[in-house]
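Asks: Sharing a structure, written as C-alpha cells. Questions coming.
Please treat every number below as a calculation from the coordinates, not as lab data. Treat the numbers as computed from the prediction; the structure is a model and nothing was measured. Reconstructed Cβ throughout: ideal geometry from the backbone, glycine too, with neighbour counts over all protein chains shown.
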Amino acid sequence: MVKEFTFTYKEKQKMAAQTAEILTEEIGLKGDAIQAVHLIPEIEEGHLSMADVEAQYGSSVVRILQGLDRIHQLYQKNPVVESENFRNLLLSFAEDMRVILIMIADRVNLMRTLLKSNKTGDAPQSTFVGGGEFMQAVSQEAAYLYAPLAHKLGLYKLKSELEDLSLKYLEHDAYYHIREKLSETKASRDAYIQHFIGPIEEKVKAAGIKCHIKGRTKSIHSIWQKMQKQKCPFEGVYDLFAIRIIIDCPEEMEKMQCWQAYSIVTDMYQPNPKRLRDWLSVPKSNGYESLHITVLGPEQKWVEVQIRTERMDEIAERGVAAHWRYKGVKGESGLDEWLTNIRSMLEHSDGLEAMDQFKMDLYEDEVFVFTPRGDLLKFPVGATVLDFAYHIHSKVGNQCTGGRINGRVVPIRYPLKSGDQVEVLTSANQKPRQEWLNIVKTSRAKSKIRLALKETQVKDGLFAKEMLERKFKNRKIEMEDSIMFHVVKKMGFKEVSDFYKQIADGILDTNDVIEKYLELKEGEKVVTGDNVARSAAEFELDESKVAGLNVPMNDDVLIIDRNLKGIDYQLARCCSPIYGDSVFGFVTINGGIKIHRTDCPNAPELRRRYGYRIVKAKWSGKGSSQYSITLRIVGNDDIGIVNNLTSIISKDEKLVLRSINIDSHDGLFSGNLEVMLDDTSRLEALMKKLRMVKGVIQVDRI
C-alpha cells in the first residue's frame, strides 16, 4: 500500500490539472468530475469545506469528493492490494463510478511524473525527494490494482502504459532489455508479418471473403510475463505478435466464412492441433467468439492466427471478453457486468450525461472486513462475528465469546459491515451450542459447528457407555451388544448416540436400562422358536393363517452369529449386507434364507408381495468375517488422487482392496472400489477418511 507522501500546494495543483487533462482527453469525462479533481487541492489545504463545495458547485461534485475521501480512509487500513477482494472493496466503497475513473487517471499521471526517463534510456529518476520506497509501492499498485481496473473498463492504452511503467521501475533491467530487443527486431518483424499476411490475404479474398488482416506486437509487460512463465530468454518467446483476420459478412454467414478462412490458413501452413481454440461453435460464457490457431509459418516460426468477424471483434474490443479474465484470472460476474456497462456508456456521448444519475449498487450481497493485521476477508451480507471466528480457525470459533469491532465489544451474533476491523474474543471455557447454527450465515461455519457438536456428543457418549458398563459389572451382568442394541430400539431411540446422550445428561436412569436389558434377555429366542438350530428347509408355513397377510407369522428373530450352525442362510447380492447393518431374512422357494439390508432396493417389493416370508434378523456377538462392499467415488481428476485413495486402504491391515475401476471425463473422475472389511463401523471410518482426501466430492456405498 502506498504510504503517505507530501506534495506542496503548487505541486498538488499541477498534478490535479494533469489528471483532469487525462480524464478529458483520454477517458472522455467532463463536467462535475473535472471540477471535483481541480477542487481536491483546495479541500486538502483547508481552503474549502464540503459545505462550501455543495453551495458553490452542487451535490454531484460533493458526492465525488466524498467517494475519494472514503477511498483515502480505506488506504489508512493498509489492506493487501494484491487481492481480488481489495479491488472489489475499492469499487464497493466508490458510490459514484467517476471516482474509480479519477483514481485511474490520477495514478497514470503519478506514474508519468515519478518515472521519467532521460533521453539516453538510463534508469528512471523521481522528481520528488524520498522516492525509493514510495515509487516501489506506487509501481506495485499500478500493476496489481489500477492496470486490471483500466483493462476491465476498456482503457487499453492506459492499462498498457501502467503495466509498462511499473515494469520500468520494478524490473528495470528486464524492461530495457526487452525494449532494445524489440527495437532491434522491429524491421525484420514487420517484414515477416507482411510476408505472412500477403499470401493469406490474396487467397482469402480470392475465395470471395471480404476481410482485412492486421498484425499486432505484444506489449513489453506481456512479453516479460511470457519469459517468466516459460522461463526462457527473449529469443525463446516465439509469439511476439499475432495475426488477426477480421471478416466483414452478414451474421448468418459468420461461422461458414470463419471456418472457410481457417481452412485456407491451415492448408497453407502446418497447424498445431493442441493450440486450436474453438470459441465459435461454443462461445465463452462472457460472449467471446473467435477461432484461434497456431501455425508453423515461413522460416519455421510459430504464429498465432485469430479469425473472427467485425461483429465478434467489436464485442471483444468493447471489453465483454476482457483479456484479463480470458487469460485465466477470473473475476466476479457482477463486477464484470457492471464494468462492461460503464464502458458502453463511455463509448457513447449521450452516456456521459447519464453518469450523474448512475449509482453503483455492486456487491449488495457481500461485505468486506479487516483482520487486526489488515488482511481483507469477504462474507455474505448477514454474516456475524461468529462466522468471522470460524473463518479464522475452528478452535477460535469453538471458543468465541464475542468480538471487538472498531474498538467496541460486541456479541457473537453481531452482523458484520463493510470496512469493519474485527477482533475475536475467546474463552477456554466456551463450547459450541446447538443454537449457534441459527446465528451463523456461512456454510463453512455451520459445518464446523456441526462437527464440534458431534465430537462433543461422541465424548459424552463414550463417558455414558463406560458408566453403564461399570453398572453392569457391579451387578455381575455380562452385557451383550446385540441385546443392548435391541434395548435401545425398544426404548424408542433411533440412534444409539441419542440413547447414551440421555444417560450422560441424567435424563435416563441406568437402573431402568439394566431392568429392560434383563427383561429382553430372558425373552430372547431364535427363529425356530425352540432354541434348536435347524435347516430352513424344515420350515412349514401354515397357509391358512397367513393368507392375505403382509406381516411375518410370528415375532421370532433369526440371530446371525459366527457360531450359527444348521441354518442355511446367504447374504443377498443385491444389497451386500455386512456385520452391523440393520437386516431381515427372506425365506426363499428352496427353503434357504437370504439376508437383506432393511434399506435394500428390493425390500419394499418383498414386504409388499411376500410379507409372510419375512423373518426378523439381527447380528450377534462380534463380527470377525470379511465382507465385500463396493464404494462409488466421485471427485476432481487431480494428479495422484488414485494413489491417495488406495494408500488409505493399504495402511489399514484389516482392509483388503479387491478391485478398483476409475474413469475420468471433463475434469472429473468416477469409479468403484471393492473392499473386504469386518463391519459397518470400519466401513464408516473408511468412508470418512476417503471423503477427507483433497479433490473427493462424493463417497457412497452401492
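Asks: All other residues with a Cβ under 13 Å from the Cβ of Arg691 taken together, and with Lys, Arg as +1 and Asp, Glu as -1, what is their net charge? Each step should come with its number before you reach the end.
Replies: Numbers: positive: Arg632, Lys688, Lys689, Lys694, Arg701; negative: Glu684, Asp700.
Here the charged neighbours net out to +3.
Asks: Can you order the peptides 134-144, 600-610, 410-420 by their average number of other Cβ atoms within 10 Å per residue, highest first?
Replies: Ranked from most to least packed, the peptides come out as 134-144, 410-420, 600-610.
Asks: Report the gain in length on full extension from Val634 to Asp69: 0.36 nm times residue separation, minus Cα-Cα distance, nm rounded to one decimal. Working shown, then result.
Replies: Details: separation 565, 0.36 × 565 = 203.40 nm, distance 5.05 nm.
The Val634-Asp69 span can extend by a further 198.3 nm.
Asks: Find how much the distance from Val693 to Thr426 grows on full extension, using 0.36 nm per residue of separation minus their present alpha carbon separation; answer in nm with one decimal.
Replies: Gain on stretching Val693 to Thr426: 93.0 nm.
Asks: Residues with beta-carbon under 13 Å from that of Thr401, excluding Thr401: net charge, scoring Lys, Arg +1 and Asp, Glu -1?
Replies: +3
Asks: Consider a paramagnetic label point 7 Å from the Cα of Glu495 along Cα→Cβ; state which residues of segment 657-695 have an amide N under 20 Å from it.
Replies: 680-689, 691-692
Asks: May I ask you to derive the FRET efficiency for His195 and Leu170 from their Cβ-Cβ distance with R0 = 41 Å, giving the value to the nearest 0.05? Could the numbers behind the result be given before it?
Replies: Details: r = 36 Å, r/R0 = 0.88.
That gives a FRET efficiency of 0.70.
Asks: Also, quick follow-up: Multiply the residue gap between Ser625 and Ser188 by 0.36 nm, knock off their C-alpha separation, and tell me the result in nm, one decimal place.
Replies: On the way: separation 437, 0.36 × 437 = 157.32 nm, distance 7.83 nm.
In short, 149.5 nm is gained.
Asks: Could you check the spin-label model distance between Val282 and Glu478? Points 7 Å from the Cα along Cα→Cβ, value in nm.
Replies: 6.5 nm
Asks: Roughly how many nanometres apart are two label points built 7 Å out from the Cα toward the Cβ at Thr8 and Glu519?
Replies: 9.9 nm
Asks: Okay, next question. Out of the DSSP beta bridges found with both residues in segment 204-313, what percent are antiparallel (nearest 5)?
Replies: Percent antiparallel among DSSP bridges in segment 204-313 is about 75.
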